Amino acid sequence: MDGADQIYIFLVCVLTGMAGGLLYEPFCALRRLAGGKTAASLVFDTLFFLAFAGLCVSASSAFAFPDFRVYMFLGDMLGLILYLKSIHRIVDFLQKVCYNRARKVLKRRKSSKNSKKKEVQLL
């Protein structure tokens, strides 16, 4: 294996790590729904890293990498860290914006239903 192949494999591993970041989003949402308790965080983090390991192994198998190298692991972790430090923050911000808008819409609907009930009671 020459240097060009190793660079290609490293870049594929970085992209696999970033795809693992997308895999992290549902687990992060489940952690938040569980209330952020230590036991729930431990369970969901363990499940995520098992799924992430499966993703890395399947990518290695799909691209027919010759064998495991340390730089492959580092590429996967670098991709995951890049995702968490950049795209995850954007996704988190958009998630909060959507949540707040949905909350306002539901609040308006609830207040309009209450006002209609009051009108009916007055008649």
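The values are calculated or read from the model by the stated rules, or taken from the named source; none is laboratory data. Nothing here was measured: the structure is a model prediction, and the numbers come from that model. Every residue, glycine among them, receives a Cβ derived from its backbone with ideal geometry; neighbour counts consider all protein chains shown.
Quick notes
- Condition check for Leu22: in contact (Cβ under 8 Å) with a residue 40 or more places away in the chain, exposed (fewer than 13 other Cβ atoms within 10 Å of the Cβ) and aliphatic (A, V, I, L, M): no
- Among (1) surrounded by 13 or more Cβ atoms within 10 Å (Cβ to Cβ); (2) within 23 Å of Ile87 (Cβ to Cβ), the one test that Ser58 misses: (1)
- Meets criteria (aromatic (Phe, Trp, Tyr) and exposed (fewer than 11 other Cβ atoms within 10 Å of the Cβ)) for Phe65: no
- Residues of region 47-83 satisfying the condition of being under 21 Å from the mean Cα position of the chain (by Cα) and among the charged types (D, E, K, R): Asp76
- Residue match in region 8-15 (condition: surrounded by 14 or more Cβ atoms within 10 Å (Cβ to Cβ) and touching a Pro at 6+ places or on another chain (Cβ under 9 Å)): yes
- So Asp5, is it of a type in the set (D, E, K, R), more than 23 Å from Gln95 (Cβ to Cβ), part of a helix (DSSP H, G or I) and at pLDDT 90 or above: no
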